[in-house]
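Step one of this worksheet: look at the structure below.
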């Protein structure tokens, strides 16, 4: 079965958790994009009353074009549910996110939600986080000094690997929606995700890392043999 169909299956299952009247956080990425498409279809078909907060400019544009009612966390600081994808998921539902350069806004939105559901295909489930490079969103000012502090933090948590500045296909430095840059930490394996997250949290100049620890209540995984749900 093609990955796109698996992602659609996971998104469709998550859609069952949406009820009229909800305040929703809309994720970013290929699987979240499918969810937003399905959400718009259902809203129109069932006349659902919804208000949504997007986690990126790309999602905001998509949702706006589909007619989904949008708000901001300034206007609606508490959400009922957030649904988003992930780059890696471990059995404890710790996540790596940020492949789409949106993990700062994703984390803000998902922390504001009472419930956070992850949707993904089976390829995102791993025994240990780290094969996917860990995104570290940093302020551009003093980047080399920040990089050195990040390297020390990574080592203190029992990890090691190169921190590589993310660039566009054109070679230009990629900037996030907030105007920051991303260092991708190629760690291979993260021994203790919570310990690493804590160490990174103390680095000045780091705006946000892509470790989502203890945030997701469940993950809906679409596999070649059907849907699989993991709960925390």
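The values are calculated or read from the model by the stated rules, or taken from the named source; none is laboratory data. Note that this is a predicted model, so its numbers are computed, not measured. For neighbour counting, all protein chains shown are included, and Cβ atoms are generated from backbone atoms with ideal geometry for every residue, glycine included.
Does the range 90-106 contain any residue that is within 29 Å of residue 139 (Cβ to Cβ) and touching a helix residue (DSSP H, G or I) at 6+ places or on another chain (Cβ under 6 Å)? Yes, there is a match, as at least one residue in the range 90-106 is within 29 Å of residue 139 (Cβ to Cβ) and touching a helix residue (DSSP H, G or I) at 6+ places or on another chain (Cβ under 6 Å).
Here is a check on your reading of the model: is residue 133 in contact with a strand residue (DSSP E or B) (Cβ under 6 Å, 6 or more places away or on another chain), at pLDDT 95 or above and either assigned by TED's automatic domain parsing to the domain that holds residue 57 or surrounded by 22 or more Cβ atoms within 10 Å (Cβ to Cβ) (or both)? Here the answer is yes, as residue 133 does meet what is asked.
Is there a residue in the range 197-206 that is within 19 Å of the chain's Cα centre (by Cα), in the same structural domain as residue 83 (by TED's automatic domain parsing) and surrounded by fewer than 19 Cβ atoms within 10 Å (Cβ to Cβ)?
no
Screening residue 192 against (1) in contact (Cβ under 8 Å) with a residue 40 or more places away in the chain; (2) under 21 Å from the mean Cα position of the chain (by Cα); (3) outside the structural domain of residue 24 (by TED's automatic domain parsing) leaves a single unmet condition, (1). As for the range 53-75, it holds at least one residue that is in contact with a strand residue (DSSP E or B) (Cβ under 8 Å, 6 or more places away or on another chain), assigned to a helix (DSSP H, G or I), buried (at least 20 other Cβ atoms within 10 Å of the Cβ) and touching a residue at least 24 places away in the same chain (Cβ under 8 Å).
Quick check on my filter: what residues within the range 130-172 are free of Cβ contacts under 8 Å to residues at least 24 places away in the same chain and over 21 Å from the mean Cα position of the chain (by Cα)?
Result: 144, 148, 151, 152, 155, 169, 170, 171, 172.
When residue 98 is tested against (1) in contact with a strand residue (DSSP E or B) (Cβ under 7 Å, 6 or more places away or on another chain); (2) part of a helix (DSSP H, G or I), only condition (2) is not met. Just one of the listed residues (185, 222) is touching a helix residue (DSSP H, G or I) at 6+ places or on another chain (Cβ under 9 Å), assigned by TED's automatic domain parsing to the domain that holds residue 7 and not in a helix (DSSP H, G or I), namely 222.
Candidates 158, 178, 226: the one that is surrounded by 12 or more Cβ atoms within 10 Å (Cβ to Cβ) and closer than 28 Å to residue 82 by Cα is 178. Do you know which residues across the range 196-218 are in contact with a helix residue (DSSP H, G or I) (Cβ under 6 Å, 6 or more places away or on another chain) and either assigned to a helix (DSSP H, G or I) or closer than 19 Å to residue 131 by Cβ (or both)? Listed by number, the residues that qualify are 199, 200, 209, 210, 211, 213.
Among the candidates 175, 155, 163, single out the residue that is within 22 Å of residue 203 (Cβ to Cβ) and in contact with a strand residue (DSSP E or B) (Cβ under 6 Å, 6 or more places away or on another chain).
Unique residue meeting the criteria: 163.
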